[in-house]
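Scroll down for the structure; my scribbles are underneath it.
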Amino acid sequence: MPPVHTGAPVTTGASTPSSPAAPEAHAPGRPGYRRMSLALFAAGLATFALLYSTQALLPAISDGFGVTAGQASWTVSAATGALALFVLPLSALSERFGRTRMMTVSMLVAVGVGLLVPFAPNLEWLVVLRAVQGAAIAGIPASAMAYLAEEVKPKALVGAIGLFVAGNSIGGMSGRLVTGWAAQAWGWRGGLLAVGVMALACAVAFLVLLPRARFFRPASLNPRAVGRTVAGHLRDPLLLRLYGIGALFMTVFGAVYTVIGYRLVDEPFSLGQGVIGSVFLIYLVGTVSSAAAGQLVARAGRRGALYLAVTTTALGLLLSLADSLAAILAGLVLITAGFFAGHAVASAAVSRTATSGRAQASALYQSAYYLGSSAGGTLGALAYHSAGWAATVGIALLAVLGVVSITLYGSHAARAERRHERRHGSLAAAR
């Protein structure tokens with residue numbers, strides 16, 4: 001296996017950006033771009049497969065430990081909540097020690113814990129191990145976004161991030177598919193062990209393929225400097241809106257996919273664990289919609305793309321209310337397409353908006369995003385336990401309304417800013 005590069009700065013001597021020796025940013029068709037894309041695709045696949053490995057198994061875990069849907073949902077919420085808490089401090093470490101080093105350590109720890117999770121003796125230990133796993137995974141998403149922002153040409157950034165998000169969708173799909181069928185054959189513990197082995201294979205591919213970072217420069221670990229960077233991001237109105245959009249989109253997704261297994265295992269559907277796992281093949285739709293996000297933004301603009309994504313999601317939620325398996329599956333297709341498109345657009349906008357402290361900017365987005373996942377999973381499960389699927393859809397539609405409100409406010413603020421600039425430009429010309 002070739003050595004793993006740590007993201008340390010590369011010495012270029014006296015070369016300048018115009019000299020032949022100066023490194024060039026990755027772009028489609030250039031050497032290294034395919035390796036980078038495949039490596040981060042593998043990282044995204046492993047991340048989502050591990051992070052949501054218990055989600056498709058929640059009914060089986062409920063039966064195995066004799067707990068309610070709300071209690072079992074903590075095996076998902078603990079992982080996403082820990083990720084949300086640790087993503088910012090680990091992103092700060094990546095600013096000092098390198099994106100690739102942080103991603104590598106995080107990947108190895110997450111996979112190691114993933115191989116221990118199937119042997120948890122009770123629900124409490126399972127939740128604890130899942131929290132540790134979520135904390136380890138926290139080093140991957142924000143570091144990956146910052147790595148791409150530094151190493152990829154700006155015009156290719158949305159497409160590159162879209163491919164990383166596509167890896168997330170494939171991971172979410174394959175992890176649930178593998179756990180579902182493995183659990184049907186060997187129980188839920190066998191399902192978790194199978195996804196751990198799959199993540200191990202992804203980790204090996206990541207280590208072999210990832211190109212070294214050529215534009216990373218280490219920053220200070222001074223807590224005050226990090227605090228100033230974070231405070232600056234939190235004062236940026238556009239970044240705040242993007243963080244809110246990411247959190248609300250993920251609230252929808254967390255609620256729907258945490259609860260859907262319970263709905264399909266109950267009457268009138270009574271589906272088996274393997275068939276329920278196969279439902280997550282719908283994630284392939286997310287792979288397509290996230291990878292196409294760059295073209296969507298080019299045609300409709302960022303806000304136009306978000307309006308389309310949120311409308312698609314809302315239509316899917318309403319369609320899923322029907323007591324028809326075909327209607328539910330069609331609704332999941334629309335929800336998944338809308339969510340992944342919206343997530344890819346918002347996360348790419350964060351990377352482009354932040355001109356400094358990109359890892360912290362991406363970490364804040366990831367923190368909001370996974371807090372939304374934790375909130376959606378827990379609230380969705382509690383709503384289903386008390387009032388059924390319609391209550392879960394109600395929670396998700398409230399989150400959709402929040403995305404619409406934020407996007408409308410952003411459109412209004414942008415128009416007001418343009419009017420202000422035109423007014424001041426006219427006054428300056430008159431003088």
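The values are calculated or read from the model by the stated rules, or taken from the named source; none is laboratory data. These numbers come from a predicted model, not from an experiment. Note that we place each Cβ from the backbone using ideal geometry, even for glycine, and neighbour counts take in every protein chain shown. Just the protein is used for accessible areas: all its heavy atoms, side chains included, with ligands, DNA and RNA removed. Shrake-Rupley method; radii C 1.70, N 1.55, O 1.52, S 1.80 Å.
Which ones in segment 370-402 are closer than 13 Å to Ala69 by Cα and among the small types (Gly, Ala, Ser)?
Within segment 370-402, Gly377, Gly380, Ala381, Ala383, Ser386, Ala387, Gly388 qualify.
Quick check on my filter: what residues within segment 71-124 are of a type in the set (Phe, Trp, Tyr) and farther than 22 Å from Gly372 by Cα?
Within segment 71-124, Phe97, Phe119 qualify.
Could you tell me whether segment 407-425 includes any residue that is small (Gly, Ala, Ser), surrounded by fewer than 24 Cβ atoms within 10 Å (Cβ to Cβ) and modelled with pLDDT of 75 or more? First the steps, then the outcome.
Just the residues of segment 407-425 that are small (Gly, Ala, Ser), to begin with: 410-411, 413-414, 416, 425.
Narrowing the set further to residues that are surrounded by fewer than 24 Cβ atoms within 10 Å (Cβ to Cβ) leaves 410-411, 413-414, 416, 425.
Now restrict to residues that are modelled with pLDDT of 75 or more: 410-411.
Yes; the residues of segment 407-425 include at least one that is small (Gly, Ala, Ser), surrounded by fewer than 24 Cβ atoms within 10 Å (Cβ to Cβ) and modelled with pLDDT of 75 or more.
Would you check which residues across segment 358-380 are open to solvent by less than 20 Å² (accessible area, probe 1.4 Å), more than 12 Å from the chain's Cα centre (by Cα) and at pLDDT 90 or above and list them?
Gly376, Gly380
Mind checking which helices (runs of 4 or more DSSP H) fall wholly inside segment 124-236 and carry at least 1 residues that are touching a helix residue (DSSP H, G or I) at 6+ places or on another chain (Cβ under 7 Å), open to solvent by 50 Å² or more (accessible area, probe 1.4 Å) and modelled with pLDDT of 90 or more?
Qualifying helices (runs of 4 or more DSSP H): 157-209.
To keep it simple, each residue is scored yes or no on (1) over 17 Å from the mean Cα position of the chain (by Cα); (2) over 23 Å from Ser356 (Cα atoms).
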| site | (1), (2) |
| --- | --- |
| Ser91 | no, no |
| Met107 | no, yes |
| Ala110 | no, yes |
| Pro118 | yes, yes |
| Val127 | yes, yes |
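Restricting attention to segment 190-208, which residues are within 12 Å of Gly180 (Cα to Cα) and among the aliphatic types (A, V, I, L, M)?
Within segment 190-208, Leu192, Leu193, Ala194, Val195 qualify.
The rows are residues; the columns are (1) in contact with a Gly (Cβ under 9 Å, 6 or more places away or on another chain); (2) in a helix (DSSP H, G or I); (3) open to solvent by 40 Å² or more (accessible area, probe 1.4 Å); (4) free of Cβ contacts under 8 Å to residues at least 60 places away in the same chain.
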site: Gly261; (1), (2), (3), (4): yes, yes, no, no
site: Leu296; (1), (2), (3), (4): yes, yes, yes, yes
site: Gly301; (1), (2), (3), (4): no, yes, no, yes
site: Leu318; (1), (2), (3), (4): yes, yes, yes, no
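Kindly indicate whether Gly394 is free of Cβ contacts under 8 Å to residues at least 24 places away in the same chain, open to solvent by less than 10 Å² (accessible area, probe 1.4 Å), of a type outside the set (A, V, I, L, M, F, W, C) and more than 30 Å from Met102 (Cβ to Cβ). Spell out how you get there, then give the answer.
Values: free of Cβ contacts under 8 Å to residues at least 24 places away in the same chain: yes; open to solvent by less than 10 Å² (accessible area, probe 1.4 Å): no; of a type outside the set (A, V, I, L, M, F, W, C): yes; more than 30 Å from Met102 (Cβ to Cβ): yes.
Taking the combined requirement at face value, the residue does not satisfy it.
Given the options Ala327, Ala341, Ala348, Ala337, name the one that is assigned to a helix (DSSP H, G or I), over 19 Å from Ala305 (Cβ atoms) and of a type in the set (Gly, Ala, Ser). Spell out the reasoning first.
Details: Ala341 fails: over 19 Å from Ala305 (Cβ atoms); Ala348 fails: over 19 Å from Ala305 (Cβ atoms); Ala337 fails: over 19 Å from Ala305 (Cβ atoms).
It is Ala327.
Filter segment 267-289 for residues that are assigned to a helix (DSSP H, G or I) and either surrounded by fewer than 21 Cβ atoms within 10 Å (Cβ to Cβ) or without any contact (Cβ under 8 Å) to a residue 24 or more places away in the chain (or both) and give the result.
Gly274, Val275, Ser278, Leu281, Leu284, Val288
Out of (1) closer than 30 Å to His233 by Cα; (2) touching a helix residue (DSSP H, G or I) at 6+ places or on another chain (Cβ under 8 Å); (3) at pLDDT 85 or above, the odd one out for Pro89 is which?
So Pro89 meets the others, but not (2).
Using the structure shown, decide if Phe253 is surrounded by 19 or more Cβ atoms within 10 Å (Cβ to Cβ), in contact with a Phe, Trp or Tyr (Cβ under 9 Å, 6 or more places away or on another chain), within 22 Å of Ala368 (Cα to Cα) and at pLDDT 90 or above.
Numbers: surrounded by 19 or more Cβ atoms within 10 Å (Cβ to Cβ): yes; in contact with a Phe, Trp or Tyr (Cβ under 9 Å, 6 or more places away or on another chain): yes; within 22 Å of Ala368 (Cα to Cα): yes; at pLDDT 90 or above: yes.
The answer is yes for Phe253.
From the list Ser278, Ser270, Ser290, which one is under 27 Å from Leu192 (Cβ atoms), out of contact with any Gly (no Cβ under 9 Å at 6 or more places or on another chain) and small (Gly, Ala, Ser)? Before the answer, list the steps.
Numbers: Ser278 fails: out of contact with any Gly (no Cβ under 9 Å at 6 or more places or on another chain); Ser290 fails: out of contact with any Gly (no Cβ under 9 Å at 6 or more places or on another chain).
Result of the check over Ser278, Ser270, Ser290: Ser270.
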